[in-house]
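Report on the structure given below.
Since every read-out is calculated from the coordinates, none of them should be taken as a lab result. Values in this document were obtained by computation on a predicted structure and should not be read as measured data.
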């Protein structure tokens, strides 16, 4: 009884794969080029570690040594500076902290809006006169006061 067509085709395909895989030897791998410098050649001299002068590292002192937790704001009363003569106005300014990006800036809460203000600039009617952490001198109109984190 003859084999069905699909079985004979499958057998022929397997036979061709076996024969094709054994047809020729693989090409030899090329040899690596010789190194430019011999391995025994030393590199140019570098300063010896023993001869180098030791660098003294200054002892670090925290900016606020009385704080135990550096990343928590200081414990203080919720004192705010109120606008004089404001009457029923609930406008207030509170010093929250300091940031240094390009220059040192005071982080203020002005009427509930958080803003970073550099010395000599003004935001929301509040002008920062001077910044000397942990204090900042503020001015609104003719009223000038010092706010502090301490």
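Could you run through segment 97-122 and say how many residues are farther than 26 Å from residue 64 by Cα and within 28 Å of the chain's Cα centre (by Cα)?
Taking segment 97-122 as the starting set, the residues that turn out to be farther than 26 Å from residue 64 by Cα are 111-113, 121-122.
Filter once more, keeping what is within 28 Å of the chain's Cα centre (by Cα): 113, 121.
Total meeting the criteria: 2.
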Considering only residues of segment 123-150 that are under 12 Å from residue 95 (Cα atoms) and part of a loop (DSSP other than H, G, I, E, B), which is farthest from the chain's Cα centre (by Cα)? 150
For segment 112-122 the number of residues that are farther than 15 Å from residue 98 by Cα and part of a strand (DSSP E or B) is 2
